[in-house]
Amino acid sequence: MNESEPLRVRIAERIERNGTQGRLYNKHTGGEHTVRCLSFYDYMDMCLYDEKGGYYRSGEVRVGKTGDFYTSSHLGSVMGDKLAEFIAGLAESFGKETNAAEWGAGTGRLSRQML
């Protein structure tokens, strides 16, 4: 693998080397054929954590007003407020205590707002 190649090229090379086969179904023709593939896990691992081109390793953290997320907890507390309200309502409908976990918490700011 050539580290100087763009990420898309390295992903294509990994698919070619990978022995995994998948089936591709064409809903228009009803036909199916076998293709080389990469698991979603491996694909996302490369997209997010690749040393040169991965989202989380290729530059500054992209959180906040100048970042990628306009619904981010860095822009305000509305998302945290609404999620907390929804979870509280859900817990009440179950009639018992409920636990919640933030997946991919990043800075943890959303969890703090929900609490």
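A few notes on this one:
- Å² per residue, accessible surface of the stretch 1-40 at 1.4 Å: 81
- Extension gain from A88 to H28, taking 0.36 nm per residue of separation minus the Cα-Cα distance: 17.1 nm
- Highest to lowest packing among 14-24, 89-99, scored as the average C-beta count within 10 Å: 14-24, 89-99
The values are calculated or read from the model by the stated rules, or taken from the named source; none is laboratory data. Remember, predicted model here, so these are calculated numbers, not experimental data. Don't worry about glycine lacking a Cβ; one is built from the backbone with ideal geometry, like all the others, and counts go over all protein chains shown. Please note that ligands, DNA and RNA were not included when accessible areas were found on the heavy atoms of the full protein model with its side chains. Shrake-Rupley method; radii C 1.70, N 1.55, O 1.52, S 1.80 Å.
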